[in-house]
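The values are calculated or read from the model by the stated rules, or taken from the named source; none is laboratory data. Owing to the predicted nature of the structure, the values given are computational and were not obtained by experimental measurement. Every residue, glycine as well, gets a Cβ built from its backbone with ideal geometry; the counts of neighbours run over all protein chains shown. Remember, those area values only see protein heavy atoms, side chains included, never the ligands or the DNA or RNA. Shrake-Rupley method; radii C 1.70, N 1.55, O 1.52, S 1.80 Å.
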Number of protein chains: 2
Amino acid sequence: MNGRFPIAMHIMTLLCTADEVLSSDYMAGSINVNPVLVRKELSNLIKHRLIKSQQGKNGGYLLNRPAADISLAGIYQAVRSGAILGQAKNQPNPACPIGRQINAHLNTLEADIEQTMLNKLGNTTLAAFCKKFE
Amino acid sequence: MNGRFPIAMHIMTLLCTADEVLSSDYMAGSINVNPVLVRKELSNLIKHRLIKSQQGKNGGYLLNRPAADISLAGIYQAVRSGAILGQAKNQPNPACPIGRQINAHLNTLEADIEQTMLNKLGNTTLAAFCKKFE
DNA sequence: ATTAATTGTAATAATAAATATTACATTACA
DNA sequence: TGTAATGTAATATTTATTATTACAATTAAT
């Protein structure tokens, strides 16, 4: 996987603990990645209605609802890209009895694991996560 | 993540359902990836004592113990590389109160989720997985 | 003994994915 | 009107993954 979940969590934690809007440049400075990457992730988080923005001078970003109403599962779902257990890009040989069926069975397993993980992540709110930073 | 778990599962399923040793070239043909990639993964699975090899002509690979004694968690642990929830390669700004602590808290979360996932994968044996292919 | 099929592994190349950079249009406050 | 910010496209760079080539070592079969 890539660094999107850690970066999204960093963003959400910053916004959760801030008492005013934060700029993408400020957040990029805390995360220490390129500001455009942060803005892309902010765009995505807006699309998933987790945050909102204020444009123009003195603009910035803020949470779209109370942190107690945002679960880590929601954040994960906003950034998830591909399978938890990995995604091979091969196309197994359909002439082989195993190759013909393996993807279907792996997909079932993947769905099962992902649901387990979402249940677990759903147990923690952003508010609870941010309490650790006191 | 990458395709190592799917490929390892494909290998283990082939070996589980075979009644003789299988060559890396045969398995590469079923998986449809480069034979050297398969041999590298086979090497790794040997290192984790999940399979063993017979060298020389007519050689090949076979399971190292009954499929009922191999769990999907064991296979996952043999191939896992990095964090389930993603690994950012940035170094957060230590001058920021959030940046200073975020990695510690994300690592705790990661460990928690990974344990949940291993518990779930531990519930299924390779033998049970392979029964689906009848 | 010799041959051939195979494991095992190193070195390199090619491809794909992630991240960084540059640029600039748009917005809204002061 | 100037300025600080969002929003986004285009491109470049870096990193990770997969493929390829090559060949030494091993062992069964002839």
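Things to note:
- Threshold 10 Å² - residues in segment A:11-36 whose accessible area is reduced by that much or more when the chain is no longer isolated, probe 1.4 Å: A:13, A:14, A:17, A:26, A:29, A:30, A:31, A:32, A:33
- From most to least packed by mean Cβ count within 10 Å, the peptides A:90-98, A:55-63, B:35-43 give B:35-43, A:90-98, A:55-63.
- Mean residue ellipticity at 222 nm, helices only, chain B: -17500 deg cm²/dmol; runs of at least 4 DSSP H residues each add -39,500 (n - 2.57), and the sum is divided by the number of residues.
- For segment A:31-65, the residues whose amide N sits under 17 Å from a probe point set 7 Å from the Cα of residue A:25 along the beta carbon direction are A:31-40, A:54-61.
- Accessible surface for the protein assembly as shown, divided over its residues, is 50 Å² per residue with a 1.4 Å probe.
- Every Cα-Cα pair of the protein assembly as shown was included, and the share exceeding 25 Å stands at 51 percent.
- The angle between the Cα long axis of helix A:97-121 and the longest principal axis of the Cα atoms of chain A comes to about 30 degrees, rounded to the nearest 10.
- Where no second cysteine Cβ lies under 4.7 Å, the cysteines concerned in the protein assembly as shown: A:96, B:96
- What separates the residue B:58 label point from its copies, with the point 7 Å along Cα to Cβ, is 8.6 nm, written shortest first.
- Once the Cα atoms are used to define both axes, helix A:4-17 deviates from the longest principal axis of chain A by about 30 degrees.
- Cross-link pairs exceeding 25 Å between alpha carbons, from the set B:52/B:89; A:89/B:40; A:52/A:89; A:132/B:89; B:47/B:132: B:52/B:89; A:52/A:89; B:47/B:132.
- Exam field: residue B:18 pseudo-label spacings to other copies (7 Å along Cα-Cβ), nanometres: 5.6
- Nearest 10 degrees, 0 to 90: helix A:35-47 Cα axis against chain A principal axis: 80 degrees
- Three principal axis lengths of segment B:4-131 [C-alpha, angstrom, descending]: 62, 30, 22
- Here is the interface size for B with A: some 4000 Å² of accessible area buried, both sides summed, with a 1.4 Å probe.
- Relative contact order, percent, segment B:4-131 [alpha-carbon distance under 8 Å, six or more residues apart]: 30 percent
- Using a simple spin-label model with pseudo-atoms 7 Å out from Cα toward Cβ, residue A:62 and residue B:93 lie 2.1 nm apart.
- Separation of segment A:37-63 from segment B:31-87 is 44 Å, based on Cα centroids.
- Dipole size of chain B about its Cα centre, with +1 on Lys/Arg Cβ and -1 on Asp/Glu Cβ: approximately 280 debye, rounded to the nearest 20.
- Of all accessible heavy-atom area on the protein assembly as shown, the percent that carbon and sulfur account for (1.4 Å): 47 percent
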